[in-house]
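Encoded as structure tokens, the structure appears first; notes follow it.
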Amino acid sequence: MAKTMLIRELTRVPAQNPNDTLCFEPGVNVIVGPPNAGKTQWLKILDYLLGDDKPAEESLAAEVIEKYQAAILTMSIAGKEFVVERRWKEPGFKAKVIVDGSSMNRLDFCHELMTLLDIPTVHYPQGDPYGPRSWPELSWRSLMRHIYRQQRFWTDLADRQPESEQHACLSQFLGMAKDLFSDEYGKLVQGNKNIQELKQKKENFLSMLQEVSLELIDAEDLGIALTPQSIDTASNRLQKEIVELQEKRDTLLKAVLDSFSGEAKSTHKETIQCLGEDLARLQTEREALLASLQKADERLAELEAYRRLVQDELSRIQRAGHASQILTAIRITHCPACDREIPQPSSETSKCNVCHRPMQTHSDIMVDPQQRLEFERRQLSAEIEEAKELVAALGRERDEARSRIERINERIRQIQTDLRPTRTAAAAIMPPEIAVCDIQIGRLEERLQQLKRIASSLNKREEISTEIAEIQKQVATLEAKVSEQNANIDFDRKSNVLADSINSYLNLMHHKKPMLWSQKAVAVDFRKRDFRIFVGEGNWRSKLGGTATLIFLMAYHYGLMALSNESKYNYPGLLILDFPAELDDGSTVGDKENFVLEPFVDLLRRDDMVATQVIASGSSFENLKGANRIEFHHIWK
């Protein structure tokens, strides 16, 4: 059985006078009265109680806000009764909805209504599913646009509602939204979006890398596009040039060395070699000592922090000992409840005067608190002394390391002094071609390193491709699930169900008063992303005039109401209509009110529609049989 909503009572609460209450029945309810009798304001209050997201000052008339301080709605959903209240004058409750005495925010209330009615929560695309806009939630208030037709909105299925949102609402009412806008479909769309974004990112990345590479790779090596092969070709060519320059440099250097005498060259070479080896060894030793010194500093800082922490803990223990000596002597002299003096227990009394439990003796106490505190003080003092010893030992190690570093620095300076004449002499006799070779080798090695970085960056392309492949696997799985879900949706059958109900209403109208509908039958074409409603062969919006639009919209609501008796659909079985005084073509509605509502009276009398309801306000509804009539006689002042 489908879950539907019934309005039982609607109450306005003034500050002083008795409450104003309207009582409604299942079936058709009509609110009648002269213009300005307050019919529309009652329906606006009902809409406000059903989760209107605007402040009361924007939703209700100023006279209502001033005269009344709250409104109460008694309703039932699937046979269970609820009391809903909104208080627009009480601080802290203006944006709250009170349900059965418990307050909640408006969004939670709307979600609760959806849950109670077994209407699934879905997110739908606004226009193109693959567009940049996120998918909003199809809310209860969106559905209310098709349940409550305000007096000023009689030109569209739901005025001022985009077609994408209308499509989502109809999908929900027809029981298709859960499969049509499933979580898998949303993930599928997002996955395809991610793939496109990654492909664009990959293309932009390669384009930028290509431009940068033009400065590092010769045109003949690069070819048409940057590839791992083109980078390897350029790298091999640079390495070959570096080898050739190194060979040329070695040849020049050999020529210089050959100009020295053999014995002098050998002695000089051995001296330089020994000094160089000593310099390298000392530099390595210094680096090791610097690393050790850094670790010692870090360990010393940790120990100092630990020592301060233990010292603070010892101070707290000492304060606790002093406090215990003072507080132990304090006795309870007055009752904490009545503040009367309590007689102190004598040595013969064995029970406490306050709790009446036996007094403890020293033999009952397992451990003396002062002994426990003294033990803790000894432990902490020992830890402090141990920390001091470790700090002192580390300080000695640090000082020794610093001394060794200073001695090594002095030896390094001495070796560099000994090598300076040799370097000066070598610079004087070195041919300029060697310096040119060194510069060219350095430049080529830098280009080679840049090429290696480009090759590493080019691997980013493979990472993006791998990420795309992973998403494509997920998309393939999601596509299978979405295809299975879409296979459960029979768009033609759903379109026919709605069209048949609409045409059933039109048949009844034609039978009662043929002149009210002179158009052809209505056809509904519901598709995955949009829908069309035709009258004959034309779109209904461009086909119909004022009176015909009224009849069509009533047929549309009749078609939705006819879905209320089956659980596979999600229409809540409630329709609220506020008829306008006249239509766009200037014709009055009063002479048509009975005719357009009579089919609803017959529909809601059926045994399978007993839990459904229509609430309509108009000017008269004269002689409308089978409807609960609520009459207003006074003009609102």
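The values are calculated or read from the model by the stated rules, or taken from the named source; none is laboratory data. What you are looking at is a predicted structure, and each value in this text was computed from that prediction instead of being measured. Cβ sites come from the backbone with ideal geometry, for glycine too, and all protein chains shown count toward neighbours.
For residue 81, which of the numbered conditions (1) outside any strand (DSSP E or B); (2) farther than 21 Å from residue 52 by Cβ fails to hold?
It fails just one condition, (1).
Which residue is nearest to residue 237 (Cα to Cα), if the candidates are limited to the range 438-468 and must be at pLDDT 80 or above and of a type in the set (Val, Ile, Thr)?
Checked the range 438-468; the qualifying residue nearest to residue 237 (Cα to Cα) is 441.
Within the range 443-491, work out how many residues are part of a helix (DSSP H, G or I), touching a residue at least 12 places away in the same chain (Cβ under 8 Å) and under 30 Å from residue 568 (Cα atoms).
The qualifying residues number 8.
Would you check if residue 518 is part of a loop (DSSP other than H, G, I, E, B) and farther than 23 Å from residue 144 by Cβ?
Yes, satisfied.
Considering only residues that are crowded, with 18+ Cβ neighbours inside 10 Å and not in a strand (DSSP E or B), which ones fall in the range 20-40?
Answer for the range 20-40, where residues must be crowded, with 18+ Cβ neighbours inside 10 Å and not in a strand (DSSP E or B): 24, 26, 33, 37, 38, 39, 40.
Does the range 95-154 hold any residues that are assigned to a helix (DSSP H, G or I) and hydroxyl-bearing (Ser, Thr, Tyr), and which are they?
Across the range 95-154, the qualifying residues are 115, 142.
Scan the range 510-554 residue by residue and report those that are of a type in the set (A, V, I, L, M, F, W, C), farther than 14 Å from residue 500 by Cα, surrounded by 13 or more Cβ atoms within 10 Å (Cβ to Cβ) and free of Cβ contacts under 8 Å to residues at least 40 places away in the same chain.
Correct list: 517, 540, 544, 548.
Can you tell me which residue among 595, 579 is out of contact with any strand residue (DSSP E or B) (no Cβ under 9 Å at 6 or more places or on another chain) and modelled with pLDDT under 95?
Going through 595, 579 in turn, the sole match is 595.
Which of the residues spanning the range 57-71 are crowded, with 20+ Cβ neighbours inside 10 Å and assigned to a helix (DSSP H, G or I)?
64
Please work out which one of (1) modelled with pLDDT of 85 or more; (2) touching a strand residue (DSSP E or B) at 6+ places or on another chain (Cβ under 8 Å) is the condition residue 295 fails and give its number.
(2)
Mind listing whichever residues of the range 527-547 are in contact with a strand residue (DSSP E or B) (Cβ under 8 Å, 6 or more places away or on another chain) and not polar (S, T, N, Q)?
Correct list: 531, 532, 533, 534, 535, 540, 543, 544.
Going by the conditions given, is residue 116 surrounded by fewer than 18 Cβ atoms within 10 Å (Cβ to Cβ), hydrophobic (A, V, I, L, M, F, W, C) and out of contact with any Gly (no Cβ under 7 Å at 6 or more places or on another chain)?
yes
Restricting the search to the range 597-623, which residues are in a loop (DSSP other than H, G, I, E, B) and not aliphatic (A, V, I, L, M)?
Result: 605, 606, 612, 619, 620, 621, 622, 623.
Assess whether residue 101 counts as being assigned by TED's automatic domain parsing to the domain that holds residue 80, on the phi > 0 side of the Ramachandran plot and modelled with pLDDT of 90 or more.
Taking the combined requirement at face value, the residue satisfies it.
Where residues in the range 617-637 are of a type in the set (Gly, Ala, Ser) and closer than 21 Å to residue 513 by Cα, which of them is surrounded by the most Cβ atoms within 10 Å (Cβ to Cβ)?
618
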